[in-house]
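Rule-based calculations on the coordinates, nothing more; no lab input. Only a predicted model underlies this, so the values are computations on that prediction, with no experimental measurement involved. All Cβ positions, glycine included, derive from the backbone under ideal geometry; neighbour counts span all protein chains shown.
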Amino acid sequence: MLAVTIERERVRVGDRFSVSFQRTRRVPPGELGALPPSSRGALVPHRPDEFASRVPPEWLGRPGVFVPLFPDEAVWLGFAGADAKPVALKIRAGSQNAVTGGAWNEELHDQPQDYLVCPDQSSWDGVACGEGQIRQFTGTPLDLLIYEPRPGVTVKRLQPGLPDFYYSLDLSSVSFVTQRLVSDPYGITSWSSEPTSRLSIYFVSPSSYHEMTGEDPLPIDSVYTPRLLP
């Protein structure tokens, strides 16, 4: 497994990939819009092992972080990495693949594409839940699986990393936002058949966060500074 380190508001996995947890407003049911809500600042992640006596025991002994989340908030994931060192990424949300909304499994598939390629894909906002719809991340634990290039393979672009299709906001009792999936510009055979690293992400309520860390998270309105970049 690759080394996992926390650098302020970002979690770095190896030397190819990092992720941040951008807090944003939860889209009200029935609201129409063309773009996801902008970032209202990055959440500061914590290692469960640093609070071993206060966190659920199943969080311990595995690469993972936890962040606080208020009831009126959602989170989107911001990705970063060197252009010369891309990775493939799968996102598990409960029993679902967040990219397709289908049942979870660890294999990469390209018909349809059920993974992201970073840094071509700079962000992801939620769980696909039907044609044209993405449900915002609002508390379900996530698992990120990182796939590096196959040993001995130098990844080369076979095509531009262009939007393959878009998810859009729809009228519903659930919060939906627009999301684009960037097609894999390297081809599925470029990636290892098994993940080279994993990262678990846990979202906790403000009260649970206080019990675990002894600190109180700031409400979203007190830290609001519009930002569009992950």
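Details
- Shape call, the stretch 13-137: gyration tensor on alpha carbons, a/c limit 1.5: rounded
- Rounded to the nearest 0.05, the FRET efficiency derived from the C-beta distance between SER193 and ARG62 at R0 = 30 Å is 0.90.
- All other residues whose Cβ lies under 10 angstrom from that of GLN136 are scored, Lys and Arg at +1 and Asp and Glu at -1, for a net of +1.
- Length released on extending from ILE6 to ARG54, taking residue separation times 0.36 nm less the Cα-Cα span: 15.3 nm
- Using the Cβ-Cβ distance between ARG150 and SER122 with R0 = 25 Å, the FRET efficiency computed as 1/(1 + (r/R0)^6) comes to roughly 0.55.
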